[in-house]
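Q: To start, I am sharing the structure in question, which I have written as structure tokens.
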Amino acid sequence: MTDIQNIYSILLARSYQETLFSSLTGQRKREGKEIRVDCPLCSSEGNFSYSTDKPLWHCWSCNAGGDWLEYMQKVEGMDFQRALQELALVAGVELSPHSQESYRAYTRRADILEEAQELFKNELESQIKNDGAVMKYLADRGYSFQEALDMELGAYTSRKALQEYLKGKGYTEKEIKDSGLLSSGFGEDYQLAFLWRDASGRAIGLVGRALLSDEELKEKGLSKYKYSYGMEKDEGLIGFSSARGSEQIILLEGVLDALYLNHKG
Ligand SMILES: [Zn+2]
């Protein structure tokens, strides 16, 4: 776990967003897991929303947004180091000397994972028309396409297609390779794809679910799930960001059912 992941999860548990955004004016209208206030950047009324379960904010008027560190930089005018030190102090976390580097790597990894999942979601959508294997698997388990979308599931059907797609988005060969998204098995035995998120809601890895039956898996000596290389599973738990405390249920129920539970809850 990086320092910032640690800091964010400690501060979210303490509802630190209420302190961080306390100086903002407006009616503080609650919409689901977000609170609306006036935007300090463009002054538009009620268009700035901040999350109550993720360290994130966004203005629907001027389109500015980011995480808490970016808020402290853009709105409060701090530089990165000072903002990080301030959050670390409040959270009681001692910073390692490589905090800034690891923060950059962490956000960059999240970006490439989100991009990849966009492709997988589009692919799943196209599978409705051509009766693709992933959509068929989900339908057999009783999931509708809308439920699959709400759970942010996707279909990973080709490593080559992913590689081309990410190149088109400006990622270098090295970044794509280092992301762990091209590990063997992905796009072949493991085609049902979704993101693994940490406690702050940021993507930290990709999970692939095999479409094979338990017997077929046993025969082939494969596990049900494959995780992108380099991902530390204990960093995040699906559903944890929006259902704190339910991690044991999630572990017991299995990853797919947990996603469903989380979405229903
Ligand atoms: Zn704004």
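Q: Restricting to the chain, compute how many DSSP beta bridges are antiparallel as a %, nearest 5.
A: Percentage antiparallel, nearest 5: 95.
Q: Right, next: Taking the chain as the reference, fit the longest principal axis to its C-alpha atoms, fit the long axis of helix 3-13 to the helix C-alpha atoms, and give the angle between the two in degrees, 0 to 90, nearest 10.
A: Rounded to the nearest ten degrees, it is 80.
Q: Moving on to the next point. Where the accessible area of region 51-154 is counted over protein heavy atoms with a 1.4 Å probe, how much of it, in %, is carbon and sulfur?
A: Ligands and nucleic acids excluded, carbon and sulfur give 48 percent.
Q: Also, quick follow-up: Send over a whole-number figure in Å² for the accessible area per residue of the chain, probe 1.4 Å.
A: It amounts to 51 Å² per residue over the chain.
Q: Does anyone have the angle between helix 255-264 and the longest principal axis of the chain? Alpha-carbon axes, 0 to 90°, nearest 10?
A: It is inclined by approximately 50 degrees.
Q: Can you list the aspartates and glutamates whose alpha carbon sits under 14 Å from that of K121, skipping same-chain ones fewer than 8 residues off?
A: E147, D150, E152
Q: Follow-up. Based on alpha-carbon positions alone, could you give the equivalent ellipsoid semi-axes of the chain from the gyration tensor, as √(5λ), descending, whole Å?
A: Here the semi-axes work out to 34, 21, 19 Å.
Q: Still on this structure, please answer the following. For M78, what residues show an amide H to amide H distance below 5 Å, using hydrogens built from the backbone and excluding near sequence neighbours?
A: Amide H to amide H, under 5 Å and 5 or more residues apart or across chains, M78 pairs with Q73.
Q: Taking 25 Å as the cut-off for C-alpha to C-alpha distance, list the pairs among K33/K74; K29/K169; K136/K167; K129/K167 that go past it.
A: Checking Cα-Cα distances, K29/K169; K136/K167; K129/K167 exceed 25 Å.
Q: What number does region 3-96 give for Rg over Rh if you use C-alpha atoms and the Kirkwood radius?
A: Radius of gyration over Kirkwood radius for region 3-96 works out to 0.96.
Q: Go through region 132-149 residue by residue and turn each phi into a ³J(HN,Hα) via Karplus (6.51, -1.76, 1.60, θ = phi - 60°); whole Hz please, and just put x for glycine and proline.
A: x, 5, 5, 5, 5, 4, 5, 4, 4, 8, x, 9, 7, 4, 4, 5, 4, 5
Q: Taking θ as phi - 60°, what are the ³J(HN,Hα) couplings along region 39-56 by the Karplus curve (6.51, -1.76, 1.60), each to the nearest whole Hz, with x for Gly and Pro?
A: So the J values, rounded to whole Hz, are 7, x, 8, 10, 6, 5, 7, x, 9, 9, 10, 10, 7, 9, 10, 9, x, 10.
Q: Sticking with this structure for a sec: Amide H of W196: which non-local residues (sequence gap of 5 or more, or other chain) have their own amide H closer than 5 Å, using H built in the peptide plane?
A: Residues meeting the amide H criterion: I204, G205, L206, V207.
Q: With everything on Cα atoms, drop me the angle between helix 159-168 and the longest principal axis of the chain, reported from 0 to 90° to the nearest 10.
A: 30
Q: To the nearest 20 Debye, how big is the dipole of the chain about its Cα centre, given +1 on the beta carbon of each Lys and Arg and -1 on that of each Asp and Glu?
A: It comes to approximately 180 debye.
The values are calculated or read from the model by the stated rules, or taken from the named source; none is laboratory data. Not measured: the values here are computed from a predicted model. All Cβ positions, even for glycine, are placed from backbone atoms using ideal geometry, and neighbour counts span all protein chains on display. Note: areas computed on protein heavy atoms with side chains; ligands, DNA, RNA excluded. Shrake-Rupley method; radii C 1.70, N 1.55, O 1.52, S 1.80 Å.
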